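For reference, the structure discussed in these notes is given below.
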Amino acid sequence: MKTTGNTILLTGGGSGIGRELAREWATADNTVIVAGRTASSLAETAEGFDTIHTLTFDVSDAADIARFAKEAVAQFPAINVLVNNAGIMRYEDAGKGRDLADAEATVTTNLLGPIRLTDALIDHLSVQPDAAIVNVTSGLAFVPMPQTATYCATKAALHSYTLSLRKLLEGKVEVIELVPPGVQTDLTPGQATREGYLPLRTYIEQVMEGFTSDPTPEEVLVPSVMPLRTAERDGKVPQMVDMLFDAAKARG
């Protein structure tokens with residue numbers, strides 16, 4: 001992925017990792033369109049940046065995704081990079097019968113959302129110069145935290161989908177997977193100040209080093225996510241699952 005001169009459409013740009021990535025890319029002479037549900041949050045991201053623009057849409061609504069994709073391309077025909085960053089993380093107890101509303105919302109937002117938006121834009125991206133798709137997964141795609149079983153499953157599925165896209169789009173669209181560790185954001189209650197999670201600023205600095213590598217790696221990984229990413233290779237998945245389970249249980 002080239003570092004400057006892109007027109008980047010980034011979902012989930014109203015806070016956290018998405019907000020900071022948008023600002024970094026805008027500072028590096030890219031045009032960035034941040035998209036999400038809440039106009040006021042997107043406006044905060046764009047404040048002070050002439051090259052950050054905002055569009056609202058509902059990533060959980062198939063019809064709205066189709067409407068949004070057409071609007072985005074009409075307003076910004078030079079879009080050559082899609083960053084599927086929007087996502088939700090809900091705690092749940094999958095070990096007993098429960099209301100599945102949170103699980104269903106997680107699948108719709110975290111998995112169907114990126115699939116639908118990619119599908120709506122793929123024909124456009126396939127003919128753009130220097131085109132790229134960046135799918136944001138998680139270290140929990142490789143070792144699940146049982147208390148967030150559906151979240152982890154959607155990120156594992158998106159990892160698999162990314163592998164398929166990379167092969168299918170070979171020679172036309174670069175496909176990159178961004179794999180965050182636990183980062184201090186507002187993804188879950190209390191996470192923004194949670195001890196042991198990577199400070200957001202530190203994470204962004206490390207990620208930008210990955211994106212400025214030549215060539216850009218297929219997976220953008222930072223040091224603290226490596227134990228999760230390599231756990232299966234190293235035969236440590238059961239121990240890591242236990243560790244994540246116990247840590248979440250201790251937090252209540």
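The values are calculated or read from the model by the stated rules, or taken from the named source; none is laboratory data. Everything numeric here is computed off the predicted structure, so don't read it as measured data. Here the Cβ positions follow ideal geometry from the backbone for every residue, glycine too, while neighbour counts run over all protein chains shown.
Would you pick out the residues in region 112-140 that are more than 25 Å from PHE76 (Cα to Cα) and either surrounded by fewer than 23 Cβ atoms within 10 Å (Cβ to Cβ) or β-branched (Val, Ile, Thr) (or both)?
Our first condition is that a residue be more than 25 Å from PHE76 (Cα to Cα); within region 112-140, this holds for 137-140.
Answer for region 112-140, where residues must be more than 25 Å from PHE76 (Cα to Cα) and either surrounded by fewer than 23 Cβ atoms within 10 Å (Cβ to Cβ) or β-branched (Val, Ile, Thr) (or both): just THR137.
Tell me the residue from SER60, SER41 that is touching a Gly at 6+ places or on another chain (Cβ under 6 Å), at pLDDT 95 or above and not hydrophobic (A, V, I, L, M, F, W, C), please. None of the others qualify; the one that does is SER41.
Of all residues in region 184-217, those satisfying the criterion of being touching a Gly at 6+ places or on another chain (Cβ under 8 Å) and either assigned to a loop (DSSP other than H, G, I, E, B) or free of Cβ contacts under 8 Å to residues at least 24 places away in the same chain (or both) are THR185, ASP186, LEU187, GLN191, ARG194, GLY196, TYR197, THR216, PRO217.
Within region 205-229, work out how many residues are farther than 19 Å from ASP130 by Cβ, aliphatic (A, V, I, L, M) and buried (at least 18 other Cβ atoms within 10 Å of the Cβ).
Keep residues of region 205-229 that are farther than 19 Å from ASP130 by Cβ, which gives 205-207, 209, 219, 221-229.
After this cut, where a residue has to be aliphatic (A, V, I, L, M) as well, the list is 207, 221-222, 225-226, 228.
With buried (at least 18 other Cβ atoms within 10 Å of the Cβ) added as a condition, the list becomes 207, 221-222, 225, 228.
Qualifying residue count, region 205-229: 5.
How many residues, within region 25-68, are crowded, with 20+ Cβ neighbours inside 10 Å, assigned to a helix (DSSP H, G or I) and of a type in the set (A, V, I, L, M)? Residues in region 25-68 being crowded, with 20+ Cβ neighbours inside 10 Å, assigned to a helix (DSSP H, G or I) and of a type in the set (A, V, I, L, M): 4 in total. Given the criteria free of Cβ contacts under 8 Å to residues at least 12 places away in the same chain, in a helix (DSSP H, G or I) and either among the β-branched types (Val, Ile, Thr) or out of contact with any Ser or Thr (no Cβ under 6 Å at 6 or more places or on another chain) (or both), does MET240 qualify? Against the criterion (free of Cβ contacts under 8 Å to residues at least 12 places away in the same chain, in a helix (DSSP H, G or I) and either among the β-branched types (Val, Ile, Thr) or out of contact with any Ser or Thr (no Cβ under 6 Å at 6 or more places or on another chain) (or both)), MET240 does not qualify.
Looking for something surrounded by 19 or more Cβ atoms within 10 Å (Cβ to Cβ), under 19 Å from SER224 (Cα atoms), out of contact with any Gly (no Cβ under 6 Å at 6 or more places or on another chain) and among the aromatic types (Phe, Trp, Tyr) - is there at least one such residue anywhere in region 147-166? No, region 147-166 contains no residue that is surrounded by 19 or more Cβ atoms within 10 Å (Cβ to Cβ), under 19 Å from SER224 (Cα atoms), out of contact with any Gly (no Cβ under 6 Å at 6 or more places or on another chain) and among the aromatic types (Phe, Trp, Tyr).
Looking only at region 36-65, filter to residues that are of a type in the set (Gly, Ala, Ser) and closer than 23 Å to ILE176 by Cα; which one of those is farthest from the chain's Cα centre (by Cα)? If we take residues in region 36-65 being of a type in the set (Gly, Ala, Ser) and closer than 23 Å to ILE176 by Cα, then SER60 is farthest from the chain's Cα centre (by Cα).
Could you list all residues from region 1-51 that are basic (Lys, Arg) and under 20 Å from PHE68 (Cβ atoms)?
Taking region 1-51 first, the residues basic (Lys, Arg) are 2, 19, 23, 37.
The answer is ARG19, ARG37.
Whether any residue in region 69-87 is in a loop (DSSP other than H, G, I, E, B) and charged (D, E, K, R) is what I want to check. Step through it out loud before you land on a result.
Here is the first cut: in region 69-87, the residues in a loop (DSSP other than H, G, I, E, B) are 76-80, 85-87.
Subset that is charged (D, E, K, R): none.
Scanning region 69-87 turns up no residue that is in a loop (DSSP other than H, G, I, E, B) and charged (D, E, K, R).
If you scan region 1-24, which residues turn out to be of a type in the set (Gly, Ala, Ser), in contact with a helix residue (DSSP H, G or I) (Cβ under 8 Å, 6 or more places away or on another chain) and surrounded by fewer than 20 Cβ atoms within 10 Å (Cβ to Cβ)? Matches in region 1-24: SER15 only.
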